[in-house]
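Beneath this line is the structure, given in structure tokens, with notes to follow.
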Amino acid sequence: MSKTVLIIDDSVTVRMFVSNLLTNDGYCIEQADNGVEGVEKAGESHYDLIISDINMPTMNGYSAVTTIRQDPTNQGVPIIVMSTASKDIDATKAYAAGANLYLTKPVKPDLLLERVRMILGDQR
């Protein structure tokens with residue numbers, strides 16, 4: 001059975017890029033365009049992986065990741081944070097919120113696929 005990934009990002013371009021890349025690699029994709037919607041979806045369905053942006057309207061990625069982690073059913077779900085914020089403090093804050101991995105945008109397609117496969121334990 002295919003693994004399901006939730007992409008939380010306010011940029012349609014980024015969501016489509018990640019969605020197309022992962023769909024072509026066999027993953028099922030769902031999308032949310034802000035942190036509030038992402039938290040709601042994470043609370044309603046099970047995901048094998050969540051990929052979240054940081055700088056979003058309504059609820060930023062730090063708050064979204066923290067809130068998702070507070071739900072006992074999502075404590076073990078891996079979360080990758082991808083952001084244009086490239087300072088060490090940004091990654092530190094993401095890890096403190098509960099992220100498993102921090103990537104700086106723009107992320108090369110091969111690197112993103114490699115990290116997704118690594119986190120999900122997909123041997124390809």
For this session: Give the Kirkwood hydrodynamic radius (Å, one decimal) of segment 4-120, defined as one over the mean of 1/r across all pairs of different Cα atoms.
Result: 13.7 Å
Problem set entry | Partner lysines for Lys3 [C-alpha distance under 26 Å; skip if fewer than 8 residues away on the same chain] | Lys41, Lys105, Lys108
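Suppose the chain between Ser45 and Asp88 were pulled fully straight at 0.36 nm per residue; how much longer would it get relative to their current alpha carbon spacing?
On the way: separation 43, 0.36 × 43 = 15.48 nm, distance 3.21 nm.
Answer, rounded to one decimal: 12.3 nm.
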Exercise. Between Ser2 and Asp110, what FRET efficiency comes out of the Förster formula 1/(1 + (r/R0)^6) with R0 = 30 Å and r the beta carbon distance, rounded to 0.05?
Worked result: 0.90
Exercise. How far apart, in nm, are the 7 Å Cα→Cβ label points at Asp122 and Gln70?
Worked result: 3.2 nm
Seminar exercise, completed: Here the relative contact order (percent) of the chain, from C-alpha pairs under 8 Å and at least 6 apart, is 22 percent
Problem set entry | Debye equation applied to the C-alpha atoms of segment 60-124, log10 I(q)/I(0) at 0.13, 0.20, 0.29 Å⁻¹ | -0.37, -0.82, -1.23
Problem set entry | Estimated dipole of segment 4-120 in Debye, rounded to 20 [Cβ of Lys and Arg +1, of Asp and Glu -1, Cα centre] | 320 debye
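Every number in this text was worked out from the coordinates using simple rules, so none of it is lab data. Remember, predicted model here, so these are calculated numbers, not experimental data. Glycine also receives a Cβ, built like all others from the backbone with ideal geometry; neighbour counts cover every protein chain displayed.
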